[in-house]
Amino acid sequence: MSPSAALESPVFRIYVALAVGVLGVGAATIGVARYLFRKKVDHAWKAYRGWLVIIPLVFAVLFLGRSATIAFFTLVAIFAFKEFARATGLYDDWVVTGAVYLGILAVNGASLVPDPRTGEPGWYGLFMVLPAYVVAAILLIPIVRNRAQGQLQTVALAISGFLYIGWMFGHLGFLANSKYAYGYLMYLVFAVELNDVAAYTCGRIFGRHPLRSNISPKKTWEGSVGALAVSCIVPWLLWFSFPHFGPLELTLSGLIVGVGGQLGDLSMSVIKRDLGIKDMGALIPGHGGLLDRIDSLIYVVPLFFHMVRWFHGLY
Amino acid sequence: MEPWQYDTADDLDQTPIERLRKFPRRPEMFVFGLRLGAAALIRLWLRLYHRLTVVGAENLPPSGSFVIAANHASHLDALSIVSALPIGKVHRVFPAAAKDYFFVSLPRLALAAIVINALPFDRRRSIRRSLTLCHDLLAQSDNVLVLFPEGTRSAAGEIGPFKPGIGLLLAGTPHPAVPCYLAGTHDAWPKGAWLPRPKKVRVTFGRPLVFSDRERGKQAAVQIADQLRQAILALAESRREADNKGKRSGPLQ
């Protein structure tokens, strides 16, 4: 990944065209709804403006290259974990929060440095083993402080926050080391967001039966099945992203996004419902917090990563 | 099993910019880190470029909350006072800054809230509410509130009349007020100048004054403001005399 490689990559160029097209269609849809059908589009317009910032930002980072991509996903993970820590109250403990930040930096550092044995970009062994060390470091904190009261909650929140937002999401940065980085990364971002949109749209049109009424009352079985159907088609349409994939990998890619994306969304809903909050933050106007935007991606990324590694290796 | 109790932040629905605008601000790890880094750089700049000297630091109360009341002629004023205090106190020092100037545009907001740790003082519409903020701040332990009772930067560098707000805040309270005379900041960076010039800056702290015996009221407020102004003028005069003495005796030694 580099600026020149991005310019030469047909995959990158196609996705840029696709993004411009999607943004154009989005603007046209909002315009038609607003001026032709006189609908209230304030919320959609706010969300659209958010996309107008997010999409060019993601492309700019991918264009800049591997290091910029890993650095960007590191920042996203740090600020996403900050939202989690603020929402759960863990943020009041700066030592534990700081330890998780260091863990996130270490995970992404492992994605950045070459493997000392093979010289390949990204130290996979360290990346996979780091959760053990970070968990050990987090468990050490109450021992050093000689504190027990309430520490199970603190430690459990820190470990789950690190594993979910730091390590699982960290797989996205590691994918930047692959020969097919543009295809993998842009497929994941595009397909997961499309899965979200499809679930929402199918739910609005066909939704009758609640999916998980105690977790996310607005989600329906119809929306979920519709999104799964759309997501299973998408890899075939975006085959150019991973031309080395066979039908099995394409099917698995669709299932991982279709099922994993919705499970990621529901997992974050479980957390939010338990905390009694609507959004994890307000960083992106019209979208809520960073975590509300990437919740599906967090679940999908490691599943896709290890599927790819199993069939084709990473490089 | 008992459900866990979560201490969720009460400002989750606010954007980071809205959170910076709010006062009192919730402690933020990144903001504290940035402020500490900025404080170290500002100290270095003031000591090297403006040869900052501090006189009368022994007059600062060692504990408890107090007010520093200073003359105001430059953007360097608040930075100089903060830099004259121990760096460990940087998150506990709150210079009052004009809400209509510092808390509007994003760069100024970032500067005021992150670097200066400013208290937004609404000098136009709700002075009472701003004074309540100051009062609440002093009610907590070990806070330092920096006030510029002139209300704005003096264009000519002279010490102008003091507004009575500081008197309203201090009358009948046990919080000491330390008069502070800032010399050289006007020459170094006057109102309207784009960049600071390499002029000497000196911060002089006087003996703290306490107004716990004063009854709260407009008259007492005006008197307290005037008393603090006189104390700062006296500091200016004594520094001038000391300087002249130094100049006269300097070449003979």
> Can you give the FRET efficiency for A:Val113 and A:Ser2, using 1/(1 + (r/R0)^6), R0 = 22 Å, r = Cβ-Cβ distance, to the nearest 0.05?
Replying inline: 0.80
> Taking 1 over the mean of 1/r across every pair of different Cα atoms in the protein assembly as shown, what Kirkwood radius in Å do you get?
Replying inline: 27.5
> Tell me, what % of the accessible area of chain B is carbon and sulfur with a 1.4 angstrom probe?
Replying inline: 58
> So what are the ³J(HN,Hα) numbers for the stretch A:264-274, from phi and the Karplus equation (6.51, -1.76, 1.60; θ = phi - 60°), rounded to whole Hz, Gly and Pro as x?
Replying inline: x, 4, 5, 4, 5, 5, 4, 4, 5, 5, 5
> Which order do B:Cys180, A:Cys232 take when ranked by solvent-accessible area (1.4 Å probe, heavy atoms of all protein chains), largest first?
Replying inline: A:Cys232, B:Cys180
>> Please give me, ordered by residue number, the trypsin sites (Lys or Arg not before Pro) of the stretch A:65-173 that lie in loop per DSSP and have at most 13 other Cβ atoms within 10 Å.
In response: A:Arg117, A:Arg147
> Taking 0.36 nm per residue of separation and subtracting the Cα-Cα distance, what length does fully extending A:Arg145 through A:Phe206 add?
Replying inline: 16.5 nm
> Comparing A:Leu237, A:Leu130, A:Leu211, which has the greatest mean-square fluctuation in the GNM of chain A with Cα pairs linked when under 10 Å apart?
Replying inline: A:Leu237
> Expressed as a whole percent, how much of the Cα-Cα distance distribution for chain B exceeds 30 Å?
Replying inline: 28
> Can you put A:Leu139, B:Leu60 in order of accessible area, largest first, using a 1.4 Å probe?
Replying inline: A:Leu139, B:Leu60
> What are the extents of the Cα atoms of the stretch A:231-302 along their three principal axes, listed from largest to smallest and rounded to whole Å?
Replying inline: 44, 23, 18
> Which of A:Tyr124, A:Tyr184, A:Tyr299 moves the most in a Gaussian network model of chain A with Cα springs under 10 Å?
Replying inline: A:Tyr124
> What residues qualify as long-range amide H neighbours of B:Ala118, i.e. H under 5 Å apart, gap of 5 or more or another chain, H built at 1.01 Å from N?
Replying inline: B:Ala113
>> So with the 1.4 Å probe, I'd like the accessible area per residue for the protein assembly as shown, rounded to whole Å².
In response: 49
>> Distance cut-off 32 Å, Cα to Cα: go down the list A:Lys40/A:Lys82; A:Lys40/A:Lys272; B:Lys99/B:Lys199; A:Lys40/B:Lys99 and report the pairs above it.
In response: A:Lys40/A:Lys82; A:Lys40/B:Lys99
>> If I ignore ligands, DNA and RNA and count only protein heavy atoms, how much of A:Tyr315 is accessible to a 1.4 Å probe, in Å² to the nearest 10?
In response: 80
> Hey, got the average number of other protein chain Cβ atoms within 10 angstrom for residues in B:2-9?
Replying inline: 6
> Normalised by the residues of chain A, what does the relative contact order come to in percent, with Cα pairs under 8 Å and at least six apart?
Replying inline: 19
> Of B:Lys191/B:Lys218; A:Lys219/A:Lys278; B:Lys200/B:Lys245, which pairs sit farther than 20 Å apart, going by alpha carbon to alpha carbon?
Replying inline: B:Lys191/B:Lys218
>> From the protein chains alone at 1.4 Å, what is the descending order of accessible area for A:Val234, A:Val25, largest first?
In response: A:Val25, A:Val234
>> Buried accessible area between B and A (1.4 Å probe, both chains summed, ligands and nucleic acids excluded), in Å² to the nearest 100?
In response: 1800
> Whole-Hz Karplus ³J(HN,Hα) for the stretch B:47-56, in order, using 6.51 cos²θ - 1.76 cosθ + 1.60 and θ = phi - 60°, x for Gly and Pro?
Replying inline: 6, 8, 7, 10, 6, 4, 10, 10, 10, x
> Under 17 Å Cα-Cα from B:Lys163, which aspartates and glutamates qualify once same-chain neighbours fewer than 8 residues away are excluded?
Replying inline: B:Asp122, B:Glu150, B:Asp226
>> Report the Rg/Rh value for the stretch B:126-224, based on alpha-carbon coordinates and the Kirkwood definition of Rh.
In response: 1.01
> Using DSSP loop states and a limit of at most 11 other Cβ atoms within 10 Å to flag GluC sites (Glu not before Pro), what is the longest stretch of chain B containing no flagged site?
Replying inline: B:1-157
> Can you work out ³J(HN,Hα) from phi for every residue in the stretch B:231-239, in order, using Karplus 6.51 cos²θ - 1.76 cosθ + 1.60 and θ = phi - 60°, giving whole Hz and x for Gly and Pro?
Replying inline: 4, 6, 4, 5, 4, 4, 5, 5, 5
> Using a ≥ b ≥ c from the Cα gyration tensor of the stretch A:19-96 (square roots of the eigenvalues), is it rounded, prolate or oblate, where a/c under 1.5 gives rounded and otherwise the larger of a/b and b/c decides, a/b for prolate?
Replying inline: oblate
> Which shape class applies to chain A: rounded if a/c is under 1.5, otherwise prolate when a/b exceeds b/c and oblate if not, where a ≥ b ≥ c are the square roots of the Cα gyration tensor eigenvalues?
Replying inline: oblate
> Taking H as built 1.01 Å from N, whose amide H comes closer than 5 Å to the amide H of B:Phe94, not counting residues under 5 places away?
Replying inline: B:Val144, B:Leu145, B:Val146
> Please state the relative contact order of chain B as a whole percent: Cα pairs under 8 Å, 6+ residues apart?
Replying inline: 25
> What trypsin sites (Lys or Arg not before Pro) in the stretch A:204-257 are in a loop by DSSP, with at most 14 other Cβ atoms within 10 Å of the Cβ?
Replying inline: A:Arg208
>> What does the C-alpha gyration tensor say about the overall shape of the stretch A:72-157? Classify as rounded when a/c is under 1.5, otherwise prolate if a/b is larger than b/c, or oblate.
In response: oblate
> In peptide A:270-282, what is the residue-averaged number of other protein chain Cβ atoms found within 10 Å of each Cβ?
Replying inline: 3
>> So for the stretch A:179-315, averaging the separation of alpha carbon pairs under 8 Å that are six or more residues apart and normalising by length, what relative contact order in percent results?
In response: 25
>> Counting other C-beta atoms within 10 Å, and keeping those with at most 16, which DSSP coil trypsin sites (Lys or Arg not before Pro) do you find in the stretch A:224-292?
In response: A:Lys278
>> Under 19 Å between alpha carbons, and skipping anything fewer than 8 positions from A:Lys46 in its own chain: which aspartates and glutamates qualify?
In response: A:Glu193, A:Asp196, A:Asp279, A:Asp292, B:Asp13, B:Glu18
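The values are calculated or read from the model by the stated rules, or taken from the named source; none is laboratory data. Since we're looking at a predicted model, the values are computed, not measured. Cβ atoms come from the backbone with ideal geometry, glycine included; neighbour counts cover every protein chain shown. These area figures cover heavy atoms from the full protein model, side chains too; ligands, DNA and RNA do not enter into them. Shrake-Rupley method; radii C 1.70, N 1.55, O 1.52, S 1.80 Å.
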